[in-house]
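J.: Please find one structure pasted underneath; my questions will follow.
No value in this document is a laboratory result; all are computed from the given coordinates. Note that the structure is a prediction, hence the values are computed from the model and not measured. So basically every Cβ, Gly included, is an ideal-geometry build from the backbone, and we count neighbours across all protein chains shown.
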Amino acid sequence: MSESLLMILLEPDTYLWLSALALVVLTLPLLVFWRRMRRRRWLRCCLLLALLCFWYVLLYGAFVGVRHLDVRQVEFASKDLPAAFDGYRIVQFSDAHVHSFDGWRRPLLSRAIDSINAQGADLIVFTGDLQNKQPSEIAPYLSELARLKAKDGVLSVLGNHDYPMYIDADPYQQALNLEAVVSQESKAGWNVLLNGRRTIRRGNDCIYVAGMENDGEGRFPQLGSINEALHSLTRQTFVVMLEHDPTSWRRKILPHSHCQLTLSGHTHGGQFSLLGLSPAAFNYHEYAGMYYAGDRAINVSSGLSGVVPFRFGVNPEIVVITLRRLKIEN
C-alpha cells in the first residue's frame, strides 16, 4: 500500500465520507424504485421516511452529536476507603483519539480539557486510546494535553489503539512506536502506569491507583498483569484499578484481585444508541456507566471521541467520581 493511500485511510473523516458515499449509492436506486411505486402509497411513505432517517442519523452524528459533552457525576462508597479520602474526587476521561479532533473539531478538545480542569479534582485519570494508529498523531495536541492539572497529577494507561497493532511494521519499529506513545504522554506531564501503581497519601492514610496494560479479548492486546500491578499489596488496602478494556474486569480483576473500583473505557458506549439500545450491548456485559458486583464496581466511560468522529444518542463524556467511606453500622 502506498504511503499516500495509507495517510488517506488514517484520516478520521475518510470513514464518514465512505459512509455518505455508501448511503448515496443506496439512496439513488431506492429513489428510482420509489418513483415507480405509485399505487403503494404507504410503502412509498415508509421508504422515504427510512431514507430521511438514515441521512438524519449520519449528519446529526457527524456534525451535531460530536459537539455535545456530558459531565457525569457518580459516587462510590467502600468500607475499605481510609477516612482521610472521604470525598476524594477523581476525573476520568477515556478514548480521546486526538487525531479525530483535527480541523473544525479542534476547539472541542480544548473545551473538554477546560471542563476537566474546571472540576477541581484531586486526581485526573486517562483510561487509554490517546491515538488512532500512530504516535505522530499525538504531537500536535501535546500543548492541550499538558494543560491538564490536578493536585495529585494525571495518571494514564494504554489502550489497544496505543499499541503498534494497526500498522504493519517490523518488531523494531513497533517497539519504537510504543515507546513514542509513552514518551508523548510523559511529555504532557502524565504518569503512565504499565502494570504498575502510584501511592497517594493524605496524612497517615493512603490509597493506591494501579494501572494494567491493555487486557482485551480476541485480537486485542492481552498484556495486563495483576501480579505486577498489585505486588505486595494487602487485602486491607484500597485500590483503584485503571484498565482500558472492561472485559478484563470479570476475567482477571474480580477473580484475581481485591480492587474495589475499576475504571475502564474502550467501548465508546457504542457511539450510537436508539431508545436506550446500543450495539455495544451485544459485545460487552459492561459498556457504559457504573456496574456493581457485590461491594466492588467498574465504571465504563463512553469516552471523548473515536476513530470515527460520530455520536448519536451517546454523548462524549468526562466522569467525576467521588469516593465515600462507607460507615459500618454496629
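J.: Describe numerically, in nm with one decimal, the distance between label points set 7 Å from Cα along Cα→Cβ at residue 295 and at residue 275.
T.: 4.1 nm
J.: A follow-up question, please. Determine the principal axes of the Cα atoms in the range 69-325, then give the extent along each, sorted from largest to smallest and rounded to whole angstroms.
T.: 46, 44, 37
J.: Nearest 500 deg cm²/dmol is fine: what mean residue ellipticity at 222 nm does the chain get from its DSSP H runs of n ≥ 4 alone, each adding -39,500 (n - 2.57), divided by its residue count? Let's see the in-between values first.
T.: Details: 7 runs with 94 residues, N = 330.
After summing the helix terms and dividing by the residues of the chain, the value is -9000 deg cm²/dmol.
J.: Now for a different question. What percent do you get for the relative contact order of the chain when only Cα pairs under 8 Å and 6+ apart count? Each step should come with its number before you reach the end.
T.: Values: 670 pairs, mean separation 81.7, N = 330.
Value for the chain: 25 percent.
J.: Among DSSP beta bridges lying fully in the chain, give the percent that are antiparallel, nearest 5.
T.: On the way: 18 of 49 bridges.
Within the chain, antiparallel bridges account for around 35 percent of the total.
J.: Once fully extended, how much extra length lies between residue 27 and residue 186, figured as 0.36 nm per residue of separation less the alpha-carbon to alpha-carbon distance? Could you put the intermediate results ahead of the total?
T.: Numbers: separation 159, 0.36 × 159 = 57.24 nm, distance 4.80 nm.
Net length gain for the segment: 52.4 nm.
J.: What does the extension gain come out to for residue 168 and residue 19, with contour length at 0.36 nm per residue minus their alpha carbon separation? Walk me through the intermediate numbers first.
T.: Values: separation 149, 0.36 × 149 = 53.64 nm, distance 2.51 nm.
Extra length from residue 168 to residue 19 when fully extended: 51.1 nm.
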